[in-house]
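Structure first, commentary second.
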Amino acid sequence: MKLPKLLQAVLVVVGVYIGFKLVFSVGLHQPIPSSLLTMYMFFVVVATLLVTTATEESAKEMSAPIKALVEDPSKKTIRNIVFVLVPLLAAWMTYSKLAPSFEAPVELRTIHPAPPSSLKAYGKSFDMMKLENPFSKFQKEDPEKFKVLVKEGGDVYYKNCHFCHGDKLDGQGQYAQGFNPLPLNFQDVGTIAQLQESYLFWRIATGGPGLPKEATPWLSAMPVWKDFLTEDEIWKVILFLYDYTGQAPRSWAAH
Amino acid sequence: MSFFSGFKRLTCLTLLLSLLFAGGFSFTSIPVFANMANAEEAVKSEGTPTESVKEGEKKAEYPPAPKLTAADYPQIGGFNPRILVWIVAQLHLWFAAFVLAVPIFVLIIEAIGMATKDQRYDNMAYEFIKVSMAAYSITASITAIMGGLLTFTLLVFYPDLFKYMASLFSRSMLAYAFLFFAESASLYVYYYGWHWLEGGFKKWVHLTIGLVLNFVGTVLMLLANAWVTFSMSPNGVDPATGAFLGSEWDVIHNFLWNPLNLHRVIANIAYGGSIIGAYAAYKFLSSSVKEEKAHYDWMGYTANVIAVGGLLPLPFAGYWLTAEIYAYSQQMGITLMGGAFAWLFIMQAVLIGALFLSVNYYLWCGMGRSEGSGRYTKHIWWIAALIVGCFLVWFTPHTLVLTNQELKALGGPYHKYLGPLGIMPAKNTAVNIMIIMTFLSFTLYRRANKIATVSWAASGSAIQAAIFVAAILNIIFLGVYHGYFTNTAYKVAASIPQVLSTAVVIISTLIIDSMMFKGAKEVGPLRWGKVPDRSQYALFMLAVSFTWLMGLMGYVRSGIRQHWHVNSIMRDNSIDAFTPTIGVAAQVVTSATVIFMAIVIFIFWLSNISSKKSAVH
């Protein structure tokens, strides 16, 4: 038996929605945020409507039940029910969106705010446009020395950072669960792999209090490490972060 | 006819007045121009600055960039200077983009007609320029008015900024004013000389005028681009003081000039095609005569092909521009893609996806013109599924909007599985596949009415299918491997073989198709005009989306300077020197889009009543 076009379209949309829920919430235990799921479903609905109205026959088949519902005198009862249900549904959706709740309002937090053009630390000013890790050059020039520097960076990390960012640099340190949001996972391709070393220097040196206005709300417990580490120690720990994770800093070496 | 003549006269008068206004007011009455001219003359007579003076002395020759206070920005009435200049500049850009774009593809079509000696191409080119001439006349005058208004508002509200910019770009600004006149003159000669300059050598002359028109138009745009990109990536001035170093070419040839030039040339073609498409759709819907409907259906289709032709390479030109912005300044790059403006990029992604959906929908609906389309309509659903799948990847943000509960459930601000889709390698992969699928829709549309008669038709189709599959697999491999397992230099570089894979699909399919369908049997005559009305709304959608996109992305490009008039050289110390919220920015751009579309609809309506009057006469 061939299903009516409109029912096919509804089943596709519902099927995709259930698929998203099953795969991400149940299967992977990483639910899709509601704001993103709304966007996904909006375009799934739009695309379904486009496909089902792309040909004249399909469009007629698609609209036939709706036309019948509105025009066919024999469907008076179901028409009245639909005409009551649809506004009620809209009212319920509006109410549930506007009703006061204890949930904090959703805020867009900029996780990678833009760095300043210059940074003041250690009694001097660093030009962020030109700032580079002074030890990076040893990777090619003196690999043995580079290894020693990375190891020293590792020592700094395990003495200071791993409590929050974790043994494996995955953001799962002993104290990590005490923070919301969790400390950054450096293994993620979306974190340090996207950034230049100067950016990391800025973030480590100035910590949470050094976040600019655009990064509000300042949900960061990161200490101001320039008060505890030397300039060289910060550069060495940056070497270690990239070396351990196998990521490379954003660079324009190929240019 | 008299109606048109009136407009022509009005347009000429307006252009002339604008020119006189621009020349007289902005270039001779400001003392700094006189100083600049004198200074440049002095340099000229003494040789180049590097030859004649030491660096320290050279800096002293030119004044530094002014350091302003809030009191240096005039406040007039209840006007908000920034929003006023923002809207006027945006309207000027939209009209200018349209005016510059149409002659580009008209010239190309005319040249094809001349090379192939196929009169249909020439007729088509003339149709384009003819039906859009009413829009041109008004548009050109509006462009001039907007240009004058932009200069005026800058002079009134940002006098010191204008003085500083004019001191650097004195020659190019003068050249701009004269080129504007040359643009208008060549445009009118090109249009009105079409039939006068027909056949043999005369046609060469006409083509040359078209070339001059396009050359002048392009130079105009390149000059304006230099002013814009200078404010983002200043060059040719002392980085500490902003004092001019003596070479106007260095100031023009700044770091972001060429990436923006390429992006805007391609975007203008796509934009011009989309506006002509919207015009054709308007005429199609407002007509009840069968022949007229067929005519405007054909025109809408051709304009759509041009718009799509421009749209396909556009993401790559945009990617190059963005990569160069990031390479120039980490701060600007992060503000753009990862910081304050990141969600405007998600809006951009949504609009670009909507463009692709509109284009595909138009092609699917257009299959109704052909009796043989039934063989291909069954493929629409999986093409759509792939496009939507890529679209969802394309707009998945890196920075998610999360409730507190979701933040806890995910264990952090990043989604473990969707997070990697938020960065560029995934976007590049998705957009390449979207382009390939859109091209597949176009290929199926072109085939719908034909049956190949060559003996190797089945093998030819199999080879084409293999190329499509291999290219998609290659694009996915490049995106995943280089995107996630190599460093940034390779990540960016991997986008080139991805684009090449897409280009191979397009070029090889066109070549194989041209051989395979040579002498092909037609299923039936193409029934121009036999498309559903809803397909025409896809053309409107295309034009509106383009307009909106240009506004939003134009704001982002300009806004990443943040509190600088000229990045790190001249600080904006006005009371408006803050970055508005995404919502406010979107409202301003949307309002400007509505104003622009209202004027465009007015132009369409005017051309409609003028053609009715012509028909009566």
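Put simply, the amide H of B:TRP564, placed in the peptide plane, has neighbours under 5 Å in B:ASP572, leaving out anything fewer than 5 places away on its chain. At the listed q of 0.09 Å⁻¹, the Debye profile of chain B, built from one uniform point per Cα, gives log10 I(q)/I(0) equal to -0.81. Taken as Cα centroids, segment A:22-92 and segment B:427-466 sit 32 Å apart, rounded to the nearest whole angstrom. For chain A, find the longest principal axis of its Cα atoms and tell me its angle to the long axis of helix A:197-206, 0 to 90°, nearest 10. Long axis of A:197-206 versus the principal axis of chain A: about 80 degrees. Each part reduced to its alpha carbon centroid, segment A:132-151 and segment A:198-235 end up 23 Å apart. With a 1.4 Å probe rolled over the protein heavy atoms of all chains, the accessible area of B:SER514, B:SER461, B:SER441 falls in the order B:SER514, B:SER461, B:SER441, largest first. Taking a ≥ b ≥ c as the square roots of the eigenvalues of the Cα gyration tensor, segment B:498-617 is oblate, since a/c reaches 1.5 or more and a/b is not larger than b/c. Listed values for segment B:225-232 are Karplus-derived 3J(HN,Hα) couplings in whole Hz (6.51 cos²θ - 1.76 cosθ + 1.60, θ = phi - 60°), namely 4, 4, 4, 5, 6, 4, 5, 8, and x replaces Gly and Pro.
Here the Gaussian network model covers chain A, with springs between Cα atoms less than 10 Å apart; of A:THR55, A:THR191, A:THR206, A:THR55 fluctuates the most.
The fraction of accessible area contributed by carbon and sulfur in the protein assembly as shown is 68 percent, rounded to a whole number (1.4 Å probe; ligands and nucleic acids excluded).
Basic side chains Lys and Arg get +1 at the Cβ, acidic Asp and Glu get -1 at the Cβ, and with that the dipole of the protein assembly as shown about its Cα centre reaches some 2520 debye.
Think of chain A as having a plus end and a minus end, set by charges on the Cβ of Lys, Arg, Asp and Glu; of A:TYR199, A:THR230, A:ALA54, A:ALA54 sits farthest toward the positive end of this dipole.
Heavy-atom accessible area buried between chains B and A is around 5400 Å² (1.4 Å probe, both sides summed). In chain B, taking the dipole from charged Cβ atoms about the Cα centre, the farthest positive-side position among B:TRP320, B:SER568, B:ASN254 is held by B:TRP320.
Taken residue by residue and averaged, Cβ atoms of other chains lying within 10 Å of the Cβ of B:412-424 number 6. When you filter the chymotrypsin sites (Phe, Trp or Tyr not before Pro) in segment B:291-345 for DSSP loop state and at most 11 other Cβ atoms inside 10 Å of their Cβ, nothing is left. Ligands, DNA and RNA aside, A:CYS161 has an accessible area near 20 Å² when probed at 1.4 Å.
Helix B:170-192 and the longest principal axis of the Cα set of chain B meet at an angle near 30°. Applied to segment B:274-283, the Karplus parametrisation 6.51 cos²θ - 1.76 cosθ + 1.60 on θ = phi - 60° returns per-residue 3J(HN,Hα) values of 5, 5, 4, x, 5, 4, 4, 5, 4, 5 Hz, with x for Gly and Pro.
With a/c under 1.5 counting as rounded, go ahead and sort the protein assembly as shown into rounded, prolate or oblate using the C-alpha gyration tensor (a ≥ b ≥ c being the square roots of the eigenvalues; past the cut-off, prolate if a/b is larger than b/c, else oblate). Taking the square roots of the gyration eigenvalues as a ≥ b ≥ c, the protein assembly as shown is oblate. For the protein assembly as shown, the residue among B:LEU168, B:GLY554, B:VAL393 whose Cα projects farthest onto the positive side of the dipole built from Cβ charges is B:VAL393.
Post the alpha-carbon centroid distance, segment B:261-304 to segment B:57-129, in whole angstrom. Rounded to whole Å, the Cα centres lie 21 Å apart. Using a probe of 1.4 Å, the accessible surface attributed to A:LEU11 totals some 90 Å² when neighbouring protein chains are kept in position. Qualifying trypsin sites (Lys or Arg not before Pro) in segment B:507-559, where qualification requires a DSSP coil assignment and no more than 10 other C-beta atoms within 10 Å, comprise B:LYS518.
Contact residues in segment A:165-182 by the 30 Å² criterion (accessible area, 1.4 Å probe, full protein complex versus chain alone): A:ASN180, A:PRO181, A:LEU182. Taking a ≥ b ≥ c as the square roots of the eigenvalues of the Cα gyration tensor of segment B:174-321, is the shape rounded (a/c under 1.5), prolate (a/b larger than b/c) or oblate? It is oblate, given that a/c is not under 1.5 and a/b is not larger than b/c.
When +1 charges are put on Lys and Arg Cβ atoms and -1 charges on Asp and Glu Cβ atoms, the dipole computed for segment A:118-245 relative to its Cα centre reaches about 220 debye.
Distant-in-sequence amide contacts of A:SER118, defined by a placed amide H-H separation under 5 Å and a gap of 5 or more residues or a different chain, comprise A:MET128. Computed from backbone phi with θ = phi - 60° and the Karplus coefficients 6.51, -1.76 and 1.60, the 3J(HN,Hα) list for segment B:253-258 is 7, 8, 4, 9, 4, 5 Hz; x is used for glycine and proline. The charge dipole of segment A:5-98, taken about its Cα centre with unit charges on the Cβ of Lys, Arg, Asp and Glu (plus for the first two, minus for the last two), comes to roughly 280 debye. Loop-located chymotrypsin sites (Phe, Trp or Tyr not before Pro) in segment A:179-255 (DSSP state not H, G, I, E or B) with no more than 16 neighbouring Cβ atoms inside 10 Å: A:PHE179, A:TRP218, A:PHE228, A:TRP252. Each Lys or Arg adds one and each Asp or Glu takes one away; over the other residues whose Cβ falls under 12 Å from the Cβ of B:VAL492, this sums to +1.
The values are calculated or read from the model by the stated rules, or taken from the named source; none is laboratory data. Computed from a prediction, not measured in an experiment: that's the story for all the values here. Cβ coordinates were reconstructed from backbone atoms using ideal geometry, including for glycine residues, and neighbour counts include every protein chain displayed. We work out accessible area using only protein heavy atoms, side chains counted, and drop any ligands, DNA or RNA first. Shrake-Rupley method; radii C 1.70, N 1.55, O 1.52, S 1.80 Å.
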